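Structure, as structure tokens:
The values are calculated or read from the model by the stated rules, or taken from the named source; none is laboratory data. The model shown is predicted, which means the values in this text are computed figures rather than measured ones. Neighbour counts run over all protein chains shown; Cβ positions are idealised from the backbone, glycine included.
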Amino acid sequence: MSANEAVIRFEEVSKSFGSKRILQDVSFDIARGSAFCILGRSGTGKSVTLKLMIGLLKPEQGRIFVEDQEITALHARELPPVRKTMGFLFQNAALFDSLSVGENVAFPLRRHTNKPEADIKDRAREKLAQVGLEHEYDMMPADLSGGMRKRAGLARALALNPSILLVDEPSAGLDPMTSAEIDSLLLNLKSERDTTLVVVTHNIPSARRIGDELVVMHEGHFIAHGTAKELDQSDHPVVREFMKSEGGG
Amino acid sequence: MIERIGALVVAALAWAGEVGLFGLRALREALRPPFEAKELLRQLYDIGSRSAPLIAVAGFSVGIVMSMHSRSSLERFGAEALIPSVLALSLAREIAPLVAGLLVSGRVGAGIGAELGGMRVTEQIDALESLAVDSFKYLVVTRVLACMIAQPILTTFMSFTGIVGGFVAETVISDLSFRLYFDRAFSSMQFVDYVPASLKTVVFGFIIGTVSSYLGYNAAGGAEGVGKASTKSVVYSSILLILANVVLVKMIIFFFPEEIG
């Protein structure tokens, strides 16, 4: 992969919380239109890596580039244009609980487009239909199941048609069938819109379905990087153990 | 022992400094577009209009009680005619600003602390940022401004309902007409009785909005953290409001010595 194909790049990034080092000199590139899965046990810094990509956290050290723009050098006020090109599906969807499902999806459209109200509602309905929630427009987030919340969160993350989609634990708390449905939604996005996917997961079957490239995080480092097949053949004991567990291997 | 007290004082001052900077940032950000007018109006409705029934009931009750107390005292000197003006002056200068401030800090402070705290621990604030929205401007600035705008209006409303309560208490005992009662109530009221006290309530609104937003916006630790943010919002903003009242009354007396004194 040549450098100019990279849509996201980490250069020697380190991040700590207090005395706890989460990431240590992490470097990698993510190619445009690819699906990049970050694997690892809980608490290894996977979600932190996603939040660094969208500027929700700042690293102590290192540089992060999104679409050739160094976001680590930007002031908070300069981040919104970069963030508009990205969508973020949070682990628990993070829907605004004071707004209906439809209003959640319409929210970014109202903020960042000058479309008439009718068009905004149509677009929100269209996004909800895309994730199979066309009849839930007026429901409140609290009335949805875990899988529905996640799909609603996905619809909101897709509202502005982002070229990069960051997904935090798409299968967490979901049954295998709903998890597979979410995976196929993500794969459709990738094939139909050429969306770059960055997926944090500890679900190996899900990572195998989605990922073009997989990395395994352990103690603040990427200890393996490659396709699922390459990781299956890794000599690293942690990687082997991880790929064998939870249906892998 | 002294070391522990010293450490506590230093920690309290550091906390107060942090909250102060948070509030000043809110004021600075309020001057920079986008102005989030729609959200500000929503907050004004939530903080202002929805507090009005509580303020009305409290003001009316305080007015009745104060009128009864004033009568029992003033009767001894044959000065019952002064009841309306004594009541109006007490309400406008001190009772309404302080009671309305404490009531709003209870209702609104707890609400802001819990709402923002809940949004923080469920990543809704991060979600706002990820949608390219400045969460500080959208959530904090609007709430601080709404408190600052709503507080003097609610205080005035409380003074009014208090005077009405006083009139109701008086009509049970005397046959004073509504018009005469209000004429007497406002006859001794001057500019300095109302305006400095109202400006004081703008500061109260700033304290309530800033403290509760700070605690909610920086909440951590799940449901327990949200509960703490909510409780602390009420306790800290009430204490700060009472302390600020002492300083502000002193300042009002300093700047308007003749009229107030």
What do you reckon, is B:SER212 in contact (Cβ under 8 Å) with a residue 24 or more places away in the chain and more than 30 Å from B:VAL86 (Cα to Cα)?
yes
What number of residues within the range A:58-97 satisfy the criterion of being more than 14 Å from chain B (Cβ to nearest Cβ), part of a loop (DSSP other than H, G, I, E, B) and either under 18 Å from A:PRO162 (Cβ atoms) or under 16 Å from the mean Cα position of the chain (by Cα) (or both)?
2
Please work out if B:ALA26 is at pLDDT below 95, assigned to a helix (DSSP H, G or I), farther than 30 Å from B:GLY162 by Cβ and of a type outside the set (Val, Ile, Thr).
no
May I ask you to verify whether A:SER184 is closer than 19 Å to A:SER47 by Cα, in a helix (DSSP H, G or I) and more than 12 Å from chain B (Cβ to nearest Cβ)?
no
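Looking at A:ARG77, A:ARG83, can you tell me which residue is in contact (Cβ under 8 Å) with a residue 12 or more places away in the chain and either surrounded by fewer than 17 Cβ atoms within 10 Å (Cβ to Cβ) or farther than 20 Å from A:MET217 by Cβ (or both)?
Checking each option against the conditions leaves just A:ARG83.
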Looking only at the range A:98-108, which residues are more than 10 Å from chain B (Cβ to nearest Cβ) and touching a helix residue (DSSP H, G or I) at 6+ places or on another chain (Cβ under 6 Å)?
A:VAL101, A:GLY102, A:VAL105, A:ALA106
Failed condition for B:ARG93, given (1) surrounded by 21 or more Cβ atoms within 10 Å (Cβ to Cβ); (2) over 23 Å from B:VAL246 (Cβ atoms); (3) at pLDDT below 95, with all others met?
(2)
So which pairs qualify, if the first residue must be in the range B:125-146 and more than 7 Å from chain A (Cβ to nearest Cβ), the second must be charged (D, E, K, R) and buried (at least 21 other Cβ atoms within 10 Å of the Cβ), the Cβ gap must be under 7 Å, and the two must be at least 6 apart or on different chains?
B:SER135/B:GLU129
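If we keep just the residues of the range A:38-57 that are assigned to a loop (DSSP other than H, G, I, E, B) and within 13 Å of chain B (Cβ to nearest Cβ), which is nearest to B:ILE125 (Cα to Cα)?
It comes out as A:LEU56.
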Just the residues that are part of a helix (DSSP H, G or I), in contact with a Lys or Arg (Cβ under 9 Å, 6 or more places away or on another chain) and buried (at least 18 other Cβ atoms within 10 Å of the Cβ), please, taken from the range A:187-205.
A:ILE204
All but one of (1) more than 19 Å from A:ARG110 (Cα to Cα); (2) more than 13 Å from the chain's Cα centre (by Cα) hold for A:LEU186, so report the exception by its number.
(2)
If you check A:ARG123, A:ARG156, which single one turns out to be within 13 Å of chain B (Cβ to nearest Cβ) and not aliphatic (A, V, I, L, M)?
A:ARG156
Return yes or no: is A:LEU39 crowded, with 16+ Cβ neighbours inside 10 Å and under 20 Å from A:PHE222 (Cβ atoms)?
yes
Would you check if there is a residue in the range B:90-106 being over 16 Å from the mean Cα position of the chain (by Cα) and assigned to a helix (DSSP H, G or I)?
yes
Of the criteria (1) touching a helix residue (DSSP H, G or I) at 6+ places or on another chain (Cβ under 6 Å); (2) within 13 Å of chain B (Cβ to nearest Cβ); (3) among the aliphatic types (A, V, I, L, M), which one A:ALA35 fails:
(2)
Look at A:LEU89 and say whether it is touching a residue at least 40 places away in the same chain (Cβ under 8 Å) and within 26 Å of A:ILE22 (Cα to Cα).
yes
Looking at the range B:43-56 only, could you name the residues that are in contact (Cβ under 8 Å) with a residue 60 or more places away in the chain and in a helix (DSSP H, G or I)?
B:GLN43, B:LEU44, B:ASP46, B:ILE47, B:SER51, B:ALA52, B:ILE55, B:ALA56
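Being surrounded by fewer than 22 Cβ atoms within 10 Å (Cβ to Cβ) and farther than 27 Å from A:SER245 by Cα is the filter here; which residues of the range A:14-24 pass it? First the steps, then the outcome.
Here is the first cut: in the range A:14-24, the residues surrounded by fewer than 22 Cβ atoms within 10 Å (Cβ to Cβ) are A:14, A:16-21, A:24.
Scanning the range A:14-24 gives A:SER14, A:SER16, A:PHE17, A:GLY18, A:SER19.
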Right, B:ILE112: within 14 Å of another protein chain (Cβ to nearest Cβ) and closer than 25 Å to B:TYR236 by Cβ or not?
yes
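Name the one entry in A:SER47, A:SER14, A:SER19 that is in contact with a strand residue (DSSP E or B) (Cβ under 9 Å, 6 or more places away or on another chain) and at pLDDT below 95.
A:SER47
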